[in-house]
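What follows is a set of notes on a single structure, which appears directly below.
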Amino acid sequence: MVIIKSDEEIVIMKKCGKILADILDRLITEVKPGIKTGQLDVIMAEESEKRGVLPSFKNYRGFPANLCVSVNDEIVHGIPGERILQEGDIVSLDVGAKLGGFHTDAAVTIGVGRISKEAEELVSATEGSLKTGVARAMSGAWIGDISSAIQHYVESRGFSVVREYTGHGVGRELHEEPQIPNFVIGKGVLLRKGMTLAVEPMVNVGDWHTKLADNQWTVLTADGSLSAHFEHTIAIADNEAEILV
Ligand code: MG
(Lines give C-alpha, C1' and ligand atoms only; values in the text may rest on other atoms or scores of the structure.)
Protein backbone atom coordinates (compact mmCIF):
# COMPACT_ATOMS: atom_id res chain seq x y z
CA MET A 1 0.00 0.00 0.00
CA VAL A 2 1.29 3.45 -0.93
CA ILE A 3 1.30 5.75 2.08
CA ILE A 4 0.20 9.38 1.64
CA LYS A 5 1.96 11.81 3.97
CA SER A 6 0.23 14.74 5.62
CA ASP A 7 1.57 18.27 5.17
CA GLU A 8 2.97 18.08 8.72
CA GLU A 9 4.81 14.85 7.95
CA ILE A 10 6.27 16.34 4.80
CA VAL A 11 7.55 19.29 6.85
CA ILE A 12 9.47 16.81 9.02
CA MET A 13 10.84 15.04 5.94
CA LYS A 14 11.87 18.38 4.47
CA LYS A 15 13.84 19.15 7.61
CA CYS A 16 15.43 15.70 7.48
CA GLY A 17 16.26 16.20 3.80
CA LYS A 18 17.89 19.56 4.41
CA ILE A 19 20.16 18.03 7.04
CA LEU A 20 20.98 15.09 4.80
CA ALA A 21 21.85 17.46 1.93
CA ASP A 22 24.26 19.31 4.22
CA ILE A 23 25.90 16.04 5.29
CA LEU A 24 26.22 14.94 1.67
CA ASP A 25 27.83 18.27 0.74
CA ARG A 26 30.34 17.77 3.53
CA LEU A 27 31.13 14.22 2.35
CA ILE A 28 31.63 15.42 -1.23
CA THR A 29 34.31 17.86 -0.13
CA GLU A 30 36.24 14.93 1.38
CA VAL A 31 36.36 12.88 -1.81
CA LYS A 32 39.88 13.17 -3.21
CA PRO A 33 42.70 10.85 -4.21
CA GLY A 34 44.23 9.11 -1.19
CA ILE A 35 41.21 9.07 1.12
CA LYS A 36 40.10 5.71 2.49
CA THR A 37 36.42 4.99 1.91
CA GLY A 38 36.21 4.05 5.61
CA GLN A 39 37.02 7.66 6.48
CA LEU A 40 33.81 8.71 4.74
CA ASP A 41 31.95 6.29 6.98
CA VAL A 42 33.42 7.94 10.07
CA ILE A 43 32.45 11.40 8.77
CA MET A 44 28.92 10.19 8.03
CA ALA A 45 28.59 8.95 11.63
CA GLU A 46 30.06 12.13 13.14
CA GLU A 47 28.07 14.56 11.01
CA SER A 48 24.82 12.66 11.63
CA GLU A 49 25.35 12.74 15.38
CA LYS A 50 26.29 16.41 15.33
CA ARG A 51 23.12 17.28 13.41
CA GLY A 52 20.75 15.05 15.38
CA VAL A 53 19.84 12.47 12.72
CA LEU A 54 20.40 8.73 12.52
CA PRO A 55 22.17 7.20 9.50
CA SER A 56 19.32 5.16 7.99
CA PHE A 57 21.47 2.44 6.44
CA LYS A 58 23.39 1.41 9.56
CA ASN A 59 22.21 -2.11 10.43
CA TYR A 60 19.44 -1.93 7.82
CA ARG A 61 18.89 -5.65 7.11
CA GLY A 62 22.33 -6.04 8.67
CA PHE A 63 24.19 -3.47 6.50
CA PRO A 64 27.46 -2.88 8.38
CA ALA A 65 28.17 0.81 7.60
CA ASN A 66 26.69 4.30 7.89
CA LEU A 67 26.56 4.95 4.15
CA CYS A 68 27.17 3.13 0.88
CA VAL A 69 30.32 3.96 -1.08
CA SER A 70 30.40 2.33 -4.52
CA VAL A 71 33.48 2.77 -6.72
CA ASN A 72 33.76 2.38 -10.53
CA ASP A 73 32.06 -0.91 -11.52
CA GLU A 74 30.26 -1.08 -8.17
CA ILE A 75 26.66 0.00 -8.79
CA VAL A 76 25.21 0.25 -5.28
CA HIS A 77 25.61 -1.03 -1.71
CA GLY A 78 29.40 -0.72 -1.61
CA ILE A 79 30.72 -1.09 1.93
CA PRO A 80 33.24 1.59 2.99
CA GLY A 81 36.47 0.21 4.39
CA GLU A 82 40.17 0.01 3.55
CA ARG A 83 39.88 0.90 -0.14
CA ILE A 84 41.81 4.04 -1.07
CA LEU A 85 40.28 6.29 -3.73
CA GLN A 86 42.51 6.88 -6.75
CA GLU A 87 42.68 9.69 -9.27
CA GLY A 88 40.27 8.81 -12.09
CA ASP A 89 37.84 6.74 -10.00
CA ILE A 90 34.17 7.58 -9.90
CA VAL A 91 32.54 7.14 -6.53
CA SER A 92 28.86 6.95 -5.64
CA LEU A 93 27.86 8.12 -2.17
CA ASP A 94 24.43 6.87 -1.11
CA VAL A 95 23.16 8.27 2.19
CA GLY A 96 20.03 8.10 4.29
CA ALA A 97 18.97 9.97 7.42
CA LYS A 98 16.17 9.49 9.95
CA LEU A 99 14.61 12.36 11.88
CA GLY A 100 11.37 12.45 13.88
CA GLY A 101 10.41 8.97 12.66
CA PHE A 102 10.97 9.69 8.94
CA HIS A 103 13.71 8.81 6.48
CA THR A 104 15.11 10.61 3.46
CA ASP A 105 17.47 9.04 0.96
CA ALA A 106 19.90 10.54 -1.59
CA ALA A 107 22.88 9.65 -3.77
CA VAL A 108 25.42 11.32 -6.03
CA THR A 109 28.31 10.09 -8.14
CA ILE A 110 31.43 12.21 -8.33
CA GLY A 111 34.81 11.98 -9.97
CA VAL A 112 38.01 11.61 -7.96
CA GLY A 113 40.40 14.16 -9.44
CA ARG A 114 40.47 14.03 -13.25
CA ILE A 115 38.26 11.37 -14.79
CA SER A 116 37.97 9.96 -18.30
CA LYS A 117 35.68 11.46 -20.93
CA GLU A 118 33.58 8.30 -20.80
CA ALA A 119 33.19 8.53 -17.02
CA GLU A 120 32.23 12.20 -17.31
CA GLU A 121 29.60 11.35 -19.90
CA LEU A 122 28.20 8.57 -17.72
CA VAL A 123 27.94 10.77 -14.64
CA SER A 124 26.32 13.57 -16.61
CA ALA A 125 23.83 11.20 -18.29
CA THR A 126 22.84 9.66 -14.96
CA GLU A 127 22.33 13.02 -13.28
CA GLY A 128 20.41 14.26 -16.34
CA SER A 129 18.15 11.21 -16.29
CA LEU A 130 17.22 11.87 -12.65
CA LYS A 131 16.31 15.47 -13.49
CA THR A 132 14.24 14.32 -16.45
CA GLY A 133 12.45 11.68 -14.37
CA VAL A 134 11.69 14.07 -11.52
CA ALA A 135 10.34 16.63 -13.99
CA ARG A 136 7.64 14.10 -14.94
CA ALA A 137 6.65 13.44 -11.32
CA MET A 138 3.45 15.23 -10.29
CA SER A 139 -0.07 14.50 -9.16
CA GLY A 140 -2.01 12.75 -11.95
CA ALA A 141 1.05 11.27 -13.68
CA TRP A 142 2.05 7.63 -13.37
CA ILE A 143 5.15 5.95 -11.97
CA GLY A 144 5.64 4.65 -15.51
CA ASP A 145 6.03 8.25 -16.75
CA ILE A 146 9.07 8.65 -14.50
CA SER A 147 10.47 5.26 -15.56
CA SER A 148 10.00 5.97 -19.23
CA ALA A 149 11.60 9.42 -19.06
CA ILE A 150 14.66 7.99 -17.30
CA GLN A 151 15.09 5.02 -19.62
CA HIS A 152 14.73 7.03 -22.82
CA TYR A 153 17.11 9.72 -21.63
CA VAL A 154 19.78 7.19 -20.60
CA GLU A 155 19.51 5.11 -23.76
CA SER A 156 19.57 8.19 -25.99
CA ARG A 157 22.97 8.91 -24.50
CA GLY A 158 24.21 5.41 -25.24
CA PHE A 159 24.12 3.88 -21.75
CA SER A 160 21.88 1.31 -20.05
CA VAL A 161 19.69 1.37 -16.95
CA VAL A 162 19.99 -1.26 -14.25
CA ARG A 163 16.81 -3.32 -14.03
CA GLU A 164 17.30 -5.46 -10.95
CA TYR A 165 17.26 -2.55 -8.48
CA THR A 166 14.73 0.27 -8.42
CA GLY A 167 13.64 3.44 -6.67
CA HIS A 168 10.99 3.23 -3.98
CA GLY A 169 8.60 5.01 -1.66
CA VAL A 170 10.24 6.41 1.46
CA GLY A 171 8.91 7.75 4.76
CA ARG A 172 8.40 5.96 8.06
CA GLU A 173 10.22 3.07 6.40
CA LEU A 174 13.36 3.44 4.33
CA HIS A 175 11.74 1.34 1.63
CA GLU A 176 8.01 1.65 1.10
CA GLU A 177 5.74 0.97 -1.84
CA PRO A 178 5.68 1.69 -4.72
CA GLN A 179 8.74 0.45 -6.59
CA ILE A 180 10.03 2.94 -9.15
CA PRO A 181 11.75 1.07 -11.98
CA ASN A 182 14.16 3.00 -14.18
CA PHE A 183 12.83 1.21 -17.26
CA VAL A 184 9.36 0.78 -18.72
CA ILE A 185 7.40 -2.11 -17.22
CA GLY A 186 3.83 -0.77 -17.40
CA LYS A 187 2.10 2.28 -15.97
CA GLY A 188 2.45 1.40 -12.31
CA VAL A 189 0.80 3.47 -9.61
CA LEU A 190 -1.00 6.79 -10.16
CA LEU A 191 0.90 9.60 -8.43
CA ARG A 192 -0.97 11.60 -5.79
CA LYS A 193 -0.12 14.62 -3.71
CA GLY A 194 1.60 13.57 -0.49
CA MET A 195 3.47 10.57 -1.90
CA THR A 196 7.15 10.68 -0.98
CA LEU A 197 9.46 8.82 -3.34
CA ALA A 198 13.13 8.03 -3.74
CA VAL A 199 13.89 8.20 -7.46
CA GLU A 200 17.29 6.68 -8.20
CA PRO A 201 18.57 5.82 -11.65
CA MET A 202 21.55 3.43 -11.71
CA VAL A 203 23.27 3.58 -15.09
CA ASN A 204 25.96 1.41 -16.68
CA VAL A 205 28.35 2.11 -19.53
CA GLY A 206 27.97 -1.50 -20.70
CA ASP A 207 24.89 -3.65 -20.44
CA TRP A 208 22.45 -3.63 -17.53
CA HIS A 209 23.23 -7.01 -15.97
CA THR A 210 24.53 -7.09 -12.43
CA LYS A 211 26.32 -9.50 -10.12
CA LEU A 212 26.70 -9.69 -6.35
CA ALA A 213 30.11 -9.41 -4.70
CA ASP A 214 31.38 -12.05 -2.28
CA ASN A 215 30.43 -9.79 0.64
CA GLN A 216 26.79 -10.46 -0.39
CA TRP A 217 26.06 -6.71 -0.39
CA THR A 218 27.91 -4.90 -3.13
CA VAL A 219 26.23 -4.96 -6.53
CA LEU A 220 28.60 -4.80 -9.52
CA THR A 221 28.17 -4.53 -13.26
CA ALA A 222 28.36 -8.06 -14.68
CA ASP A 223 30.64 -6.88 -17.51
CA GLY A 224 32.97 -4.83 -15.31
CA SER A 225 31.94 -1.52 -16.93
CA LEU A 226 31.57 1.73 -14.99
CA SER A 227 28.31 2.56 -13.22
CA ALA A 228 26.82 5.75 -11.77
CA HIS A 229 23.93 6.47 -9.40
CA PHE A 230 21.98 9.62 -8.49
CA GLU A 231 19.01 9.81 -6.13
CA HIS A 232 16.56 12.40 -4.84
CA THR A 233 13.81 12.05 -2.27
CA ILE A 234 10.82 13.96 -3.62
CA ALA A 235 7.31 14.86 -2.42
CA ILE A 236 4.57 14.77 -5.05
CA ALA A 237 2.59 18.01 -5.33
CA ASP A 238 -0.03 19.19 -7.82
CA ASN A 239 2.00 20.34 -10.80
CA GLU A 240 5.47 19.33 -9.75
CA ALA A 241 7.52 17.33 -7.30
CA GLU A 242 9.34 19.07 -4.51
CA ILE A 243 12.90 17.84 -4.03
CA LEU A 244 13.46 17.16 -0.31
CA VAL A 245 17.08 16.09 -0.79
MG1 MG B 1 17.14 4.53 -2.17
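Calculated mean residue ellipticity at 222 nm for the chain: -10000 deg cm²/dmol, from DSSP H runs with n ≥ 4 weighted as -39500 (n - 2.57), summed, divided by the residue count and rounded to 500. Straight-line cross-link partners of K15 among the aspartates and glutamates, defined as a Cα under 14 Å from its Cα and at least 8 positions apart when in the same chain: D7, D105, E242. Extension gain, I3 to R26, is 5.1 nm, computed as 0.36 nm per intervening residue step minus the present C-alpha separation. With a simple spin-label model that places each label point 7 Å from the Cα along the Cα-to-Cβ direction, the separation between N59 and I84 comes to 3.4 nm.
Look at the dipole of the range 7-243 built from charges on Cβ: of Q179, G38, I19, the Cα furthest out on the positive end belongs to I19. Here each label is just a point 7 Å from Cα along the line to Cβ, and for E46 and K18 those points are 2.5 nm apart.
Share of the range 7-243's accessible area from carbon and sulfur, percent, 1.4 Å? Of the solvent-accessible surface of the range 7-243, carbon and sulfur hold 50 percent.
Note on the chain: with a GNM built from Cα contacts shorter than 10 Å, the maximum mean-square fluctuation among A149, A213, A137 falls on A213. Taken per residue, the accessible surface of the chain reaches 43 Å², heavy atoms only and a 1.4 Å probe. Across the range 38-45, coupling constants 3J(HN,Hα) worked out from phi with the 6.51/-1.76/1.60 Karplus curve, θ = phi - 60°, read x, 5, 5, 5, 5, 4, 4, 5 Hz, and Gly and Pro carry x. Working note: Karplus 6.51/-1.76/1.60 with θ = phi - 60° gives the range 128-143 the couplings x, 5, 5, 4, 5, x, 5, 5, 8, 8, 6, 4, x, 8, 10, 3 Hz, where Gly and Pro are set to x. Remark: the chain projects, on average over all directions, an area of 11.7 nm² (convex hull of Cα atoms). Residue ranking by accessible heavy-atom surface, 1.4 Å probe, largest first, among H175, H77, H103 comes out as H175, H77, H103.
The values are calculated or read from the model by the stated rules, or taken from the named source; none is laboratory data. These numbers come from a predicted model, not from an experiment. Glycine also receives a Cβ, built like all others from the backbone with ideal geometry; neighbour counts cover every protein chain displayed. We work out accessible area using only protein heavy atoms, side chains counted, and drop any ligands, DNA or RNA first. Shrake-Rupley method; radii C 1.70, N 1.55, O 1.52, S 1.80 Å.
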